[in-house]
Each structure stands twice: as structure tokens, then as C-alpha cells.
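Worksheet for the structure shown next.
The numbers here are math on the coordinates, done by the rules we state, and not lab data. Predicted model only: the values in this text are computed from it and were never measured. Methodologically, a virtual Cβ is constructed for each residue, glycine included, from the backbone with ideal geometry; neighbour enumeration extends over all protein chains shown.
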Amino acid sequence: MLILNIFLVIILFILLIIILIIIIKQVKRNKALIDKSQEEFLKLGYLCGIEGIYSKREFSIHSGDEIRIGRDKRDNDLIIQNDDISDKHCILFYDGKENQYYVKDLSEKGTYLSSGQRIKYNQFTRIIPGSVIYLGNRNQSFQIGEKE
């Protein structure tokens, strides 16, 4: 009987060690996932003023956040008081996980790439980092995603 009890205690001890090892491995995996998601959240995108009221100013944008640009002071992050800018002109979205930028034009006058191509109205369009966009006319332009 004593031998059986000792054998059971040893088996229970081994099982306890195995369970602890499994728990430690799972905690390490979860910590790695949390660290990765925090890194993605902390990753910053950039919007740099080229021409206009925000010339030579740089704005950072966290992954998953938006920058709204327009004339209306209540609905926008960057306010441009100009007849060529709509109340709600455009939205810039940054996806840090994929390092991708998206622009949605909401304006009557248009949001354009430096090539002159108009960004589709009311639809997010992927923009290559380093691209320059202008709002309404070339007097209000921004570089997206890379510092000059």
C-alpha cells in the first residue's frame, strides 16, 4: 500500500510539472502576441505638408486612426479655410500592420494624386507611401507616408 501511495504521489508530481510547463508556454505565446499587437498600434504613419497652410508641418497617425481634412472646424482634424476645400474634404487612414495608407475623397472639388488622377469619391483608395496628394488645387498638398 505504501508503495502504491508513493507511486501515485510521483505520478501526480509529474503531471503537475507537465501542466506548469504547458501554462508557461501558453503565457509566453500570449505575451508575444500582445507585444506584437502593441508594436502594430504604436507604429506611426506620417502626413507631411508640402504646399499650403500646413507646408513643412508633419503629422503622425497611429495605426488604425484617421486624419480628417476640411473647412468645418467640428468635423476635421486639419482645418483649411479655403474656397477650394470642402467642409469635409477627405479622410486619410493608416494601417500600420500592412504599412498601407488609404484616402477617401468626400469633396466636390476633388482630391488628386500628383499625377492629376482624381481619387475615387467616397471610397477608400490605397495610396503608395511617398505619394503626394493635393486638395482642390495644387496649393494645398501633402506627402503621405514618408518624410522628405
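Details
- Build a GNM of the chain with springs between Cα atoms under 10 Å apart, and of GLU51, GLU98, GLU66 the one that fluctuates most is GLU98.
- Calculated FRET efficiency, LEU2 to LYS25, Cβ-Cβ distance, R0 = 41 Å: about 0.70 to the nearest 0.05.
- Non-local Lys pairs in segment 1-121, i.e. 8 or more apart or on different chains, that have alpha carbons under 17 Å apart: 10
- Extending 7 Å from Cα along the Cβ direction at LYS73 and again at ASP95 yields two label points whose distance is 3.6 nm.
- Spread of Cα-to-Cα distances over 5 Å intervals beginning at zero, given as percent, for segment 1-146: 2, 10, 15, 17, 13, 7, 5, 4, 4, 4, 4, 3, 3, 3, 3, 2, 2, 1, 0
- Take every Cα pair under 8 Å whose residues are at least 6 apart in sequence, average their separation, divide by the length of the chain, and the relative contact order is 19 percent.
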